[in-house]
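Participant: Quick one: the structure is below, questions incoming.
The numbers here are math on the coordinates, done by the rules we state, and not lab data. Keep in mind that what you see is a predicted model, and the values were worked out from it rather than measured. Please note: Cβ atoms are built from the backbone with ideal geometry, for glycine as well, and neighbour counts cover all protein chains shown.
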Amino acid sequence: MRHLLITGASGNLGRELINYFDFQNYDYVYLAGRNDVLKKFNLNPEKFRIISELDLSTKSDAKKIFDSINEKEEDELFVIHLVGKYQGGKKLWEYEETDLLKMFNSNFLSSFLITNFAIQKVAGMKGGSIVFISSRITLEYEPGRAVYAISKQSLNFLVKIIEKEAGHLNFTANVIAPGVILTEENKKWINQEDYQKFVSPEQIARLINSIFINYDRLNGNIFTLNDKI
């Protein structure tokens, strides 16, 4: 059996990935997010499982997600971790401590905890893989977005460490660093004639699925998807 877990599934990108992965080769899909949003989808109850929104920056809540997955030794587990926060438009010295903690808890700590429990789960399975969503700005050092970029940069480093430390468990990790994603929310400020210039959710979904199909050969990579600007 092939198990797919999508965290942050009720967010802007998550909602659009659901439609794509509904038609891909996964036996069970677990969606972690807001019940009120996810219940609006016409989901096949034989395939999809909704996990109530949790605080994935806490160890207990991160563990609950994996407790809901009933795996067998011959199964595979694939994780798309979408939880994250954005804040920009400030100089380094203008951030409050609470701003820093919110972004690091959401962007890094949740990723760290999800990784830990995923590795533990896959240790008793055939294998598995995780994909994180970073950002193009982690590679370009844009002013005004420093704290966000630093917290997302941690994911680029995390996949390199996972490659070194968990490869022998047949668990792999990769990160996608896109430019601006053309979600429904972002379309509100992008001119329609410019849509083709930005990264579409379907492009991200196809790349993720390709990574999972070849997960035993792809590990520790930072895949960039650039805007056409």
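Participant: Can you give the longest run of the chain that contains no chymotrypsin sites (Phe, Trp or Tyr not before Pro) sitting in a DSSP loop with at most 13 other Cβ atoms inside 10 Å?
Facilitator: 24-85
Participant: Still on this model: Residue separation times 0.36 nm, minus the C-alpha to C-alpha distance between residue 36 and residue 157: what's the value?
Facilitator: Numbers: separation 121, 0.36 × 121 = 43.56 nm, distance 3.43 nm.
Contour length minus the Cα-Cα distance gives 40.1 nm.
Participant: What distance in nm separates the two pseudo spin-label positions at residue 59 and residue 146, each 7 Å out from Cα along the beta-carbon direction?
Facilitator: 3.2 nm
Participant: If you don't mind, there's one more thing I want to ask. Using the number of other C-beta atoms within 10 angstrom as an exposure proxy, rank 217, 34 with the fewest first. Don't skip to the end; give the middle numbers.
Facilitator: Working: 217 8, 34 16.
Neighbour counts put them in this order, fewest first: 217, 34.
Participant: Please report 51, 137 as a ranked list, fewest other C-beta atoms within 10 angstrom at the top and most at the bottom.
Facilitator: Going from sparsest to densest Cβ surroundings: 137, 51.
Participant: Something else now. Cβ under 11 Å from residue 152's Cβ, residue 152 left aside: what net charge do those residues give with Lys, Arg +1 and Asp, Glu -1?
Facilitator: +3
Participant: Between residue 116 and residue 165, what is 0.36 nm times their sequence separation minus the Cα-Cα distance? Round to one decimal in nm.
Facilitator: Here the answer is 16.5 nm.
Participant: Let me ask another. For region 35-68, which trypsin sites (Lys or Arg not before Pro) are both in a DSSP coil and crowded by at most 16 other Cβ atoms within 10 Å?
Facilitator: 39, 40, 47
Participant: Further question on the same structure: How much mean residue ellipticity at 222 nm does the chain get from its helices, if each DSSP H run of length 4 or more adds -39500 (n - 2.57) and you divide by all residues, to the nearest 500 deg cm²/dmol?
Facilitator: -10500 deg cm²/dmol
Participant: Return the equivalent ellipsoid semi-axes of region 62-121 as a descending list in whole Å, where each equals the square root of 5 times an eigenvalue of the C-alpha gyration tensor.
Facilitator: Details: eigenvalues 218, 19, 12 Å².
In descending order the semi-axes read 33, 10, 8 Å.
Participant: Kindly give Rg over Rh for the chain, based on alpha-carbon atoms, with the Kirkwood expression for the hydrodynamic radius.
Facilitator: 0.95
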